[in-house]
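A.B. asks: Sharing a structure below in structure tokens format, with a few things to ask.
The values are calculated or read from the model by the stated rules, or taken from the named source; none is laboratory data. Since we're looking at a predicted model, the values are computed, not measured. Glycine gets a Cβ as well: all are built from the backbone with ideal geometry, and neighbour counts include every protein chain shown. Accessible surface is based on the protein model in full, side chains and every heavy atom, while ligands, DNA and RNA are left aside. Shrake-Rupley method; radii C 1.70, N 1.55, O 1.52, S 1.80 Å.
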Amino acid sequence: MSEGKLEKMEKDYSPQVDALLPETDALLKQGKLQEALDKLMVLEKQARNAADPDSTSRILVQVVKLCREAQDWKLLNEEIVLLSKKHGQLKAATTKMIQEAFSYLDSTPNMEVKLELIDTLRTVTEGKIYVEVERARVTRLLAQIREEEGKINEAADILQELQVETFGSMEKREKTDFILEQMRLCLAKHDYDLKLRFYDLMIKHALHEEQYLNVHKFYKQIYDSESIQQDETKWKEALQNGILFIVLSPYDNEQSDLLHRIYEDPKLAQIPLYNELTKCFVTTELMRWPKIEEVYGQELQKTFVFSKTTDEGQKRWKELHNRVIEHNIRVVAKYYTRVTTKRLMQLLDLNERDTEEFLSKLVVSKTIYARVDRPAGIVSFQVKKDANQVLNDWSSDINSLLNLVEKTCHLISKEEMVHSIAKVM
């Protein structure tokens, strides 16, 4: 088929088109559809040869309008194919005609006519970049029809024909929606290859943005895939990477929840080294970085995550050290109300400057509460309470004490009664 052409307009046929269109409308009302089309074809050839895109577009749109108003759907399909094959047909005119015909899909009298029109539009748009969006939309409509008929596999195959990620003229939102629809149909037919490709791409993007929590989520999706679960090597790799990126993620409620969930996975026991690493982060105990390097360093640095041969790997290794330090600070904050700066430095294996820096980061992020008394060299983790909290705590303590006294008195009375009865007997 002709790809259309772009040329400098030689003559403007707008006046002739303005005069002809009302005339063809009148001929249609008289039942003279073919005569109206013949008149339009004569002027169409002149406008097309003169490279007048506006006039040619209006004529092509009028042709399909007349066929539709006459409810001659067979002739409509024939005219669309004929006009698209015209030698040197203008791209703009072809696009307008296809867009007009596409708008008729919701008003076809029955499904058979609708499918014929869809087939025609898919035929004339095939291989034409300038109508790639229109082809994508009509193809998606066909896939929806096949899905409603219960033909899931056919619907998925139809939609996967198109590589919409390469469509430059399609808006990002529509492109994303189209890709998600492709994924949905592939999952519906239990074809997980596209799902895995999608998450691989998402992992690459998240790694570039250093969004480690998202990387963990994507690896978890891969790990949960049926095809991955059936291959021990693959599920182990996905689970290992998922663990490494969840421990690399900054601490918050979501990170803590995901970390504990993956620790409860029964398959984790089959990877002892990663099971122990996860246990270190879920247990409220201090981790000494030199020991972590000694036990896990050699094995972890063989992975792409912490590879010594890449800048990214070395950067993530430093980030892991930071996560260990932050974990240790949270542990200290839980068990200590006050601690000297020197003792805290010993517990964290850090100098004074780095200790204060990490402490400040966690305070700013509201992960912990801490106040540093530099002159005295003391760090306080005890949250300062206002008067209402102090009073409420005092009231609670008094109530607990009185309940305990009352329970004790009751038990004493009970014992006295038992002994009195024993004496009588």
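A.B. asks: Would you mind pulling out the separation of the Cα centroids of the range 223-252 and the range 140-186, in Å?
C.D. replies: 29 Å
A.B. asks: Could you list the trypsin sites (Lys or Arg not before Pro) in the range 252-347 that lie in coil according to DSSP, counting only those with at most 15 other Cβ atoms within 10 Å of their Cβ? Kindly include the intermediate steps, with their values, before the conclusion.
C.D. replies: Working: sites: Arg261, Lys267, Lys279, Arg288, Lys291, Lys302, Lys308, Lys315, Arg316, Lys318, Arg323, Arg330, Lys334, Arg338, Lys342, Arg343; in loops: Arg288, Lys302, Lys308.
Listed in order of number, the matching sites are Arg288, Lys302, Lys308.
A.B. asks: For a bin width of 20 Å, list the pair-distance distribution of the chain built from all Cα-Cα distances, rounded to whole %.
C.D. replies: 18, 29, 22, 20, 8, 2, 0
A.B. asks: A follow-up question, please. If you place +1 on the Cβ of every Lys and Arg and -1 on the Cβ of every Asp and Glu, how big does the dipole about the Cα centre of the chain come out, in debye to the nearest 20?
C.D. replies: 1260 debye
A.B. asks: Hey, what's the range 146-230 come to in accessible area per residue, 1.4 Å probe, Å²?
C.D. replies: I get 60 Å² per residue for the range 146-230.
A.B. asks: Based on Cβ point charges of +1 for Lys and Arg and -1 for Asp and Glu, what charge dipole magnitude is obtained for the range 207-296 about its Cα centre, in debye rounded to the nearest 20? Walk me through the numbers on the way to the answer.
C.D. replies: Numbers: 9 positive and 16 negative charges, 34 e Å.
It comes to approximately 160 debye.
A.B. asks: If you filter the range 73-155 for GluC sites (Glu not before Pro), then keep DSSP loop positions with at most 12 other Cβ within 10 Å, what is left?
C.D. replies: Glu126, Glu149
A.B. asks: Now a separate question. Quickly estimate the mean residue ellipticity at 222 nm for the chain, helices only: each DSSP H run with n ≥ 4 gives -39500 (n - 2.57), and the total goes over all residues, rounded to 500.
C.D. replies: -23000 deg cm²/dmol
A.B. asks: Restricting attention to the range 170-251, which GluC sites (Glu not before Pro) occupy a DSSP loop and are surrounded by at most 11 other Cβ atoms within 10 Å?
C.D. replies: Sparse-neighbourhood loop GluC sites (Glu not before Pro): Glu171, Glu209.
A.B. asks: Now for a separate question. Using packing as a proxy for protection, rank 369-381, 242-254 so that the peptide with the highest average count of other Cβ atoms within 10 Å comes first.
C.D. replies: Per-residue Cβ counts within 10 Å, averaged per peptide and sorted highest first, yield 242-254, 369-381.
A.B. asks: Something else now. Across 10 Å bins from the origin, how do the percents of Cα pairs in the range 1-82 run, short distances first?
C.D. replies: 18, 50, 27, 4
A.B. asks: Also, quick follow-up: Quick one: order His410, His327 from most to least accessible surface, probe 1.4 Å.
C.D. replies: Working: His410 120, His327 10 Å².
Putting His410, His327 in descending order of accessible area: His410, His327.
A.B. asks: Just how large is the dipole of the range 110-252 about the Cα centre, in debye to the nearest 20, putting +1 at every Lys and Arg Cβ and -1 at every Asp and Glu Cβ? All intermediate terms of the calculation are to be shown ahead of the outcome.
C.D. replies: Values: 20 positive and 28 negative charges, 51 e Å.
The calculated dipole for the range 110-252 is roughly 240 debye.
A.B. asks: Of the listed pairs Lys234/Lys366; Lys128/Lys217; Lys74/Lys151, which have alpha-carbon separations greater than 31 Å here?
C.D. replies: Cα-Cα > 31 Å for Lys234/Lys366; Lys128/Lys217; rest within.
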